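Before any comments, here is the structure.
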Amino acid sequence: MKGDTMKNKLATILFLCIPLEVVAEETPNVVVMLVDNLGWGELSSYGSTRGVETKNLDQLAREGVRLTNFNVEPQCTPTRSSFMTGRRALRSGTDKVVWGVPYGMVNWEITIAEKFKEQGYNTSLYGKWHLGDQKGRFPTDQGFDEWYGIANTTDESEYSSQPGYKAILPKPQILSARAGQDPKGVKEYNLDSRRTIDSELVEHATDFINRNVKENKPFFSVITFTQPHLPTLPHPDFIGKTGKGNYSDVLAEIDFRAGQVIGAIEKAGIKDNTLVIWFSDNGPEWHMPYQGSSGPWRGAYFTALEGSLRTPFIASWPHHIKPGRVSDEIIHVVDLFASLSHVGGYKLPSDRTIDSIDQWAFLKGDSEKSNRDGFIVNNGSETYAYKWENYKMHFIDQDIMPEKGRSLQIPEIYNLIDDPKEEFDLRNNATWLFPIMIGKRVKFESSVATSCDTIPFPAPFGYKPDCSKGNFNQFPVDGLRQK
């Protein structure tokens, strides 16, 4: 008996000598916050074009890593699809925003939520989905235990207020669902509820955090805020807050909501055991009165310009991500799927093409170099550009969303350091880039055309690729930096 007691004491001493971060690493929590169409130049830490202080997000950046070359897709649905699956949206049949037809991810796709579920995590999504609005395609059909939010886009909140509106279709709803249940309408999504929905998302997220802490369960929560997507209308509590108009008031609200979530994590006593990621899904709106700022870059969403592709990104996790880092290394939103496998402890799918590149060592600060040196830019099903290191090659020219893209007989080349506005074409003086970047384009397009797991647009419901012959690319074919 005395020997057993001594063994127990020794085991206790050894356990207490283990650093807390080692213990915490076994089952960390993950909270991902997305905002909708926030430009690169809006936060204080990114230049604060409007002069609005974003102290909560600035503090988060000081405690972690802030990226200045984080890249997304030009449109909403493909960005969210890439994040969820680790596959470029062109492979998933989710490469563009559509109206009036069935769309979304097919159930064959394996989502990041499903991977966390495999590891015993409770999962939730609060906010905008935009990856399917029919039974079998909601978040709770794709790995999330619970969901509160909207299925499609915030544009829908304007429908019932527009002149001549006819309620031929059901009025847009804010929905609520749990896994295994059909979503239920909570209330109409209109201009009034558009102002208050983000505060409701925080309430749901806070409740989810507290429930899981009480049950001692690890959790993966994605909060997809609707701001500042048009109509850019602040919560009633924030009207006139900055004295600089609706957009600035919304920017103040965005920072406040992030602070509320961070505060809930701190109050629950799990800050040291929680990875927090915050980013925007697209570049800014292009037209007044909802026009956002891309900072030094030109362009807005739905284009291949830097203002469309680069968005703010911040990640923080005490004792794991080195604080105060700022990096201009290239990362793509698709890379989060592979990178978070180190946090969630899951293995990447081996039965399909995965485009996600592992960036965990870079995000933590163990490496100063990203594992990605470029990526193809698809706007819908077309190749608009290729971005490689400090250069961008445009194949289709488009300045703003409503314009039709103009195919270029000879691609244009821009040096993004010397020419962030992409105004001075170097194609006559940088012909050495043609074989490099066109070769990379052809390699990716060929992999999409020949892989068994390419799903046709708009991802027909129930579609299941036949990969019995194994003709797919198990490793990333685009953007992987050569050692």
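The values are calculated or read from the model by the stated rules, or taken from the named source; none is laboratory data. Please read these numbers as outputs of a predicted model, since none were measured by experiment. Glycine also receives a Cβ, built like all others from the backbone with ideal geometry; neighbour counts cover every protein chain displayed.
Listed by first and then second residue, the pairs with beta-carbon distance under 7 Å, at least 6 apart or on different chains, first residue in the stretch 460-483 and of a type in the set (S, T, N, Q), second part of a loop (DSSP other than H, G, I, E, B), are Asn471/Ser451; Asn471/Cys452; Asn473/Thr353; Asn473/Ser451; Gln474/Ser350. If you go through the stretch 110-152 and pick out every residue that is in contact (Cβ under 8 Å) with a residue 60 or more places away in the chain and either in contact with a Cys (Cβ under 7 Å, 6 or more places away or on another chain) or acidic (Asp, Glu) (or both), you end up with 2. Scanning the stretch 280-293 for any residue that is under 17 Å from Ser44 (Cβ atoms) and not polar (S, T, N, Q) turns up at least one such residue. In the stretch 158-187, which residue that is out of contact with any Ser or Thr (no Cβ under 7 Å at 6 or more places or on another chain) and not in a loop (DSSP other than H, G, I, E, B) is surrounded by the most Cβ atoms within 10 Å (Cβ to Cβ)? By that ranking, first place goes to Leu175. Could you tell me which residue of the stretch 380-422 is nearest to the chain's Cα centre (by Cα), considering only residues that are assigned to a strand (DSSP E or B) and among the charged types (D, E, K, R)? That would be Lys387. Evaluated against (1) hydrophobic (A, V, I, L, M, F, W, C); (2) in a helix (DSSP H, G or I); (3) in contact with a Lys or Arg (Cβ under 6 Å, 6 or more places away or on another chain), Ala449 falls short on exactly one condition, (3). Within the stretch 225-264, the residues that satisfy the criterion of being in a loop (DSSP other than H, G, I, E, B) and either under 22 Å from Ala151 (Cα atoms) or not assigned by the TED database to the domain that holds His204 (or both) are Phe225, Thr226, Gln227, Pro228, His229, Leu230, Pro231, Thr232, Leu233, Pro234, His235.
Does Gly185 satisfy the criteria of being free of Cβ contacts under 8 Å to residues at least 60 places away in the same chain and over 28 Å from Asp237 (Cα atoms)? So Gly185 fails the test.
Of the residues screened, Ser160 is one that is in contact with a helix residue (DSSP H, G or I) (Cβ under 9 Å, 6 or more places away or on another chain), more than 22 Å from Leu34 (Cα to Cα) and assigned by the TED database to the domain that holds Ile239.
Within the stretch 343-379, the set of residues being closer than 21 Å to Val326 by Cα, in contact (Cβ under 8 Å) with a residue 40 or more places away in the chain, within 19 Å of the chain's Cα centre (by Cα) and part of a loop (DSSP other than H, G, I, E, B) comprises Ile357, Ser370, Asn371.
Identification of strands (runs of 3 or more DSSP E) wholly contained in the stretch 265-341 with 3 or more residues that are surrounded by fewer than 24 Cβ atoms within 10 Å (Cβ to Cβ) and without any contact (Cβ under 8 Å) to a residue 40 or more places away in the chain yields no element. Consider Ser407 carefully, then state whether it is of a type in the set (Gly, Ala, Ser), in contact (Cβ under 8 Å) with a residue 24 or more places away in the chain and either over 25 Å from Asp328 (Cβ atoms) or surrounded by fewer than 19 Cβ atoms within 10 Å (Cβ to Cβ) (or both). Answer is no for this residue. Of the residues examined, Pro458 is one that is at pLDDT 95 or above and farther than 27 Å from Glu368 by Cβ. Summed over the stretch 465-483, the residues that are more than 15 Å from Ile354 (Cα to Cα) and surrounded by fewer than 11 Cβ atoms within 10 Å (Cβ to Cβ) give a count of 5. One residue stands out among those in the stretch 57-78 that are β-branched (Val, Ile, Thr) and assigned to a loop (DSSP other than H, G, I, E, B): the one that is nearest to Asp95 (Cα to Cα), which is Val72.
Candidates Asp425, Asp399, Asp453: the one that is of a type outside the set (Phe, Trp, Tyr), at pLDDT 95 or above and over 24 Å from Gln75 (Cβ atoms) is Asp425. Of all the criteria given as (1) assigned to a loop (DSSP other than H, G, I, E, B); (2) more than 15 Å from Arg87 (Cα to Cα); (3) in contact with a helix residue (DSSP H, G or I) (Cβ under 7 Å, 6 or more places away or on another chain), the one not satisfied by Pro460 is (3). Scanning the stretch 104-128 for residues that are closer than 19 Å to Leu34 by Cβ and part of a loop (DSSP other than H, G, I, E, B) returns Gly104, Met105, Glu109, Thr111, Tyr121.
In a residue-by-residue description of the stretch 195-205, the property of being in contact with a helix residue (DSSP H, G or I) (Cβ under 6 Å, 6 or more places away or on another chain), assigned to a strand (DSSP E or B), surrounded by 13 or more Cβ atoms within 10 Å (Cβ to Cβ) and of a type outside the set (Ser, Thr, Tyr) applies to no position.
Taking each residue of the stretch 191-206 that is over 26 Å from Pro163 (Cα atoms) and outside the structural domain of Ile262 (by the TED database) and looking for partners that are assigned to a helix (DSSP H, G or I) and modelled with pLDDT of 95 or more with beta-carbon atoms closer than 9 Å, six or more apart or interchain, yields nothing. Kindly establish whether Lys96 is in a loop (DSSP other than H, G, I, E, B), assigned by the TED database to the domain that holds Lys241 and buried (at least 22 other Cβ atoms within 10 Å of the Cβ). Against the criterion (in a loop (DSSP other than H, G, I, E, B), assigned by the TED database to the domain that holds Lys241 and buried (at least 22 other Cβ atoms within 10 Å of the Cβ)), Lys96 qualifies. Residues that are part of a helix (DSSP H, G or I) and in contact with a Ser or Thr (Cβ under 8 Å, 6 or more places away or on another chain) within the stretch 30-56 comprise Ser44, Ser45, Tyr46, Lys55, listed in sequence order.
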